[in-house]
Structure formats: structure tokens, C-alpha cells
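What follows is a single structure, written as C-alpha cells, with notes after it.
The values are calculated or read from the model by the stated rules, or taken from the named source; none is laboratory data. Quantities reported herein were computed from a predicted structural model and do not represent experimental measurements. Glycine gets a Cβ as well: all are built from the backbone with ideal geometry, and neighbour counts include every protein chain shown. Each accessible area value is taken on the protein alone, full model and side chains, heavy atoms only, with ligands, DNA and RNA left out. Shrake-Rupley method; radii C 1.70, N 1.55, O 1.52, S 1.80 Å.
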Amino acid sequence: RMSDALQRAESFNVDIINYSRDGRPYWVSINCNPMRDADGALQGFMAVQSDITPSKLDAERLSASKRRLKAVIESMDIGTWEWNVQTGEVVYNERWAQIMGRTLQEISPTTSTTWLKYIHPDDVPASNALMLRHFAGETPFFDTRRRMLHRDGHWVWVHERGRVVSWTEDGKPLLMYGTHTDITEQHDAAMAFLASETRLRALFELSPV
């Protein structure tokens, strides 16, 4: 604490709220350093105060924006992932694992190869090709549909969509954010419709004119 640092005659930095004469609150950053004589005896303190209200307000707005985005994502029942392409570190939210009947604890630790444990082998080549196209700047988003293995043993269809949001100085992908949505019901419904349409077409072709 600031009082402890003063008693020990140590340097410290602290952000506090001040109030103007009209009662308006504002943030200041105080950097305080002890002043000593040639023998090292404490003579006092020198403090520099800076108005950091704009940066504090920006941080508060960013925090509020993140909270709103988190609430929206949770209400939409969407899995999310954040990938550091260069280090291989990946952060998934709980819903990403739940779509496959799993928990984050169960799939941890997570890396860029975690999804390979659950994706259908036949979907890997197309998924990798689409990712490389996005990295090359040929597509604005990485966008694919693939099968993921549910804990119960069946395949879940997911819609995976992501985008590189920052690049290294030499033009390599750095940070990428994406979503992971369960589309099994929509996929099964579409397949049932196509199968029904195919059967009807066959009946018409076999029926005498």
C-alpha cells in the first residue's frame, strides 16, 4: 500500500481518483520517489502526478465492450477460440468443448493440435486448405463445415469461422479469433430434404407418361 511504502521510504506508483472543484472525478497516476542526501538519509519525497483520465476511460469502455460481447456470445450458445498462430497457444471457451459433450478440463491442455483429436479424418485436408488460403490473403475469413467427434461416439457437424486479426512484422499470421457453432440439426434436415427430393425424382422418372 501507499502508506506502507512511505513508511519504508520506498518508491511507489499508484492510480487514484481525484475530484475537481466542481465535483468532477478524474484519474491521476502518482509516481513518488524518496529524496536522500549524500549520506543516504531521507530528506523527503518527490512526487509527479499525471492525469490519466482518458486512458482509464478507454480501458473502462474496452472492458464494458468485452463484457457485452461475452454476454452476446453466451446468449447465442456459440463456442469461441483464440489462437496464437506462432506459438500454437489456443484458448477455447466452455461451450466449444460442450458441443462435443466434453468439458474444458477434459480437453486441457489445449494447443493448435487439440481439434485434430476430434475432427473427422476426411475433413482435415479441406479444412487445412481453407486455412492456408486465408493465411495467404485469398479469403477474408476462414469458413468451413466439418465433423467433430462427440463423447458419445457420434459425429457432430460444426460451422467453424475465424479471422486473423494481427500479423507479425514479416507478414505472418499472429492472432486469430473464431467461432464454433453446432449445425447438426440444420445439416441433418438438409440431408433429409435432399434424400426426399431424390426419391421423388426417381418416382417421377419411373412413372409412365
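Below, the figures for the structure above:
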item	result
Residue within segment 87-102 that is within 13 Å of T179 (Cβ to Cβ), touching a helix residue (DSSP H, G or I) at 6+ places or on another chain (Cβ under 6 Å) and open to solvent by less than 70 Å² (accessible area, probe 1.4 Å) present	no
Single match in T198, T181 (criterion: out of contact with any helix residue (DSSP H, G or I) (no Cβ under 9 Å at 6 or more places or on another chain) and either open to solvent by 90 Å² or more (accessible area, probe 1.4 Å) or modelled with pLDDT of 90 or more (or both))	T181
Odd one out for A192 among (1) in a strand (DSSP E or B); (2) open to solvent by less than 80 Å² (accessible area, probe 1.4 Å)	(1)
Qualifying residue in segment 109-116 (condition: modelled with pLDDT under 95 and part of a strand (DSSP E or B))	yes
Residue match in segment 135-142 (condition: open to solvent by less than 60 Å² (accessible area, probe 1.4 Å), of a type in the set (A, V, I, L, M, F, W, C), under 19 Å from the mean Cα position of the chain (by Cα) and modelled with pLDDT of 95 or more)	yes
Candidates S108, S127, filtered to the one that is crowded, with 17+ Cβ neighbours inside 10 Å and among the hydroxyl-bearing types (S, T, Y)	S127
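Each row is one residue, and each column tells you yes or no for (1) on the phi > 0 side of the Ramachandran plot; (2) polar (S, T, N, Q); (3) at pLDDT below 80.
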| site | (1), (2), (3) |
| --- | --- |
| I16 | no, no, yes |
| R21 | no, no, yes |
| L57 | no, no, yes |
| K66 | no, no, yes |
| K70 | no, no, yes |
| S75 | no, yes, yes |
| E94 | no, no, no |
| R102 | no, no, no |
| Q105 | no, yes, no |
